[in-house]
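*Asks:* Here it is, the structure, as structure tokens.
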Amino acid sequence: MTLLVTTWIKFSFLFAPFFVVSMFLSLTRNESRAERRSIANRAVFAAFCISLVLFFFGTPMFEALGITLDSFRIGAGILLFLSGVSLVRDGVRVNAEVPNEQRDDVAVVPLALPTIIGPATIGAILVYGAEMRGMDMVWGIGGMMLALGCLLALLHTASAMEKLLGRTGLNILSKVTGLILSAMASQIVLTGIHGFMQSNGL
């Protein structure tokens, strides 16, 4: 149960919910309320499917490419750190415009990919999936589902959040998320370095 809660919290920050909300608001500015809810549902469902595949894909991929988990921890951690720094530095600066002929795909691209599931998130999910075994993986997937459920709830209330917090409020929350992501990334990198040193007798 503890793993469920900790994984839920980790993924809640990993998906950068307030940045996603800002992107969602910009991309669906001219849509009706019903269409917004439909786009939110499709985007989160697509993100869940992608996350689930990544969760189980990590170990076979590492074995096939001859990459150790510790090496990937370091690489993914650095990428996640850069993503967190970008959020802290730039905050939410979204002016998203999607051509009319691509509007049908906005739920998957760019919302599910690369907004919810970006390069740094992909790396982190691969690492977490490779670290877990047995029942731990069940709790891990449960935590990921809870985080996506919370994200879906935020997207459904995005308009109300914008009115309550304003763009400045969302920007501040996005920067706080980036700060926590940077700390998570540092921990992943340090774990990778520690594991690498131990495996090489250093």
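*Asks:* Test of understanding: among Glu35, Glu31, which residue is touching a helix residue (DSSP H, G or I) at 6+ places or on another chain (Cβ under 9 Å) and acidic (Asp, Glu)?
*Replies:* Criteria check complete, one pass: Glu31.
*Asks:* With the checklist (1) within 17 Å of Val20 (Cβ to Cβ); (2) at pLDDT below 90 in hand, flag the one item Arg133 doesn't pass.
*Replies:* Single failed check for Arg133: (1).
*Asks:* Still on this structure, I have one more. Of all residues being at pLDDT below 90 and not hydrophobic (A, V, I, L, M, F, W, C) in the stretch 179-202, which is surrounded by the fewest Cβ atoms within 10 Å (Cβ to Cβ)? Just the residue, please.
*Replies:* My answer is Gly201.
*Asks:* List the residue pairs whose Cβ atoms are under 8 Å apart, where the first residue sits in the stretch 107-134 and is on the phi > 0 side of the Ramachandran plot and hydroxyl-bearing (Ser, Thr, Tyr), the second is in a loop (DSSP other than H, G, I, E, B) and modelled with pLDDT of 90 or more, and the two are 6 or more positions apart or on different chains.
*Replies:* Close Cβ pairs (under 8 Å, with a partner that is in a loop (DSSP other than H, G, I, E, B) and modelled with pLDDT of 90 or more) do not exist here.
*Asks:* Continuing with the same structure: Got a number for residues in the stretch 24-37 being touching a residue at least 12 places away in the same chain (Cβ under 8 Å), of a type outside the set (D, E, K, R) and either surrounded by fewer than 20 Cβ atoms within 10 Å (Cβ to Cβ) or farther than 16 Å from Pro114 by Cβ (or both)?
*Replies:* Here the count works out to 3.
Residues checked against (1) at pLDDT 90 or above; (2) of a type in the set (Gly, Ala, Ser); (3) in a loop (DSSP other than H, G, I, E, B):
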{"residue": "Val94", "(1), (2), (3)": "no, no, yes"}
{"residue": "Arg103", "(1), (2), (3)": "no, no, no"}
{"residue": "Val108", "(1), (2), (3)": "yes, no, no"}
{"residue": "Ala112", "(1), (2), (3)": "yes, yes, no"}
{"residue": "Gly123", "(1), (2), (3)": "yes, yes, no"}
{"residue": "Gly129", "(1), (2), (3)": "yes, yes, no"}
{"residue": "Val138", "(1), (2), (3)": "yes, no, no"}
{"residue": "Gly142", "(1), (2), (3)": "yes, yes, no"}
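*Asks:* Of all residues in the stretch 80-92 being hydrophobic (A, V, I, L, M, F, W, C), surrounded by 19 or more Cβ atoms within 10 Å (Cβ to Cβ) and assigned to a helix (DSSP H, G or I), which is modelled with the lowest pLDDT?
*Replies:* My answer is Leu87.
The values are calculated or read from the model by the stated rules, or taken from the named source; none is laboratory data. If you're wondering where the values come from, they're calculated on a predicted model, not measured in any experiment. Cβ: placed from backbone, ideal geometry, glycine included. Neighbour counts: every protein chain shown.
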